[in-house]
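Let me begin by presenting the structure, written as structure tokens, before commenting on it.
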Amino acid sequence: MNKQQEDNKAHPSTAQSEIALHTGLEEPKNKPLLRLIGQDGNAFAILGKAQRVAKSEGWNKERIEAFMTEAMSDDYDKLLQTCMKYFEVD
């Protein structure tokens, strides 16, 4: 584990702030509903559904790209955490 990863684990809010700074994506106050219960749990299916919901909610291209970048920045757990951060997941 490198120094950056150790710092991110020790200070998760700092890591989130850095991601928001780099992606320009802030956590929304009113999260759109993303229904995942009973849906395909494949990572690509989740990303596609999140992208469709974001478009239907009027997110601009840059915001969707920033969400996608953050969601794909690590593993499956990071994908789910990012979805829960920006959507009301059901």
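Values quoted throughout were computed directly from the atomic coordinates according to the rules given, and no laboratory measurement underlies them. Owing to the predicted nature of the structure, the values given are computational and were not obtained by experimental measurement. Using ideal geometry, Cβ is built from the backbone for each residue, glycine included, and neighbour counts are taken over all protein chains shown.
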Residue-span extension gain [Q81 to L33] - 0.36 nm each, minus C-alpha spacing: 15.8 nm
Taking 0.36 nm per intervening residue step and subtracting the Cα-Cα distance, what contour gain separates K61 from A45 on full extension? 3.8 nm
So if I place +1 on the C-beta of Lys and Arg and -1 on the C-beta of Asp and Glu, and nothing else carries charge, what would the dipole magnitude of segment 28-89 be about its Cα centre? I want it in debye, nearest 20. 300 debye
Name the residues whose placed amide hydrogens come within less than 5 Å of the amide hydrogen of V89, ignoring near sequence neighbours (fewer than 5 apart) on the same chain. L34
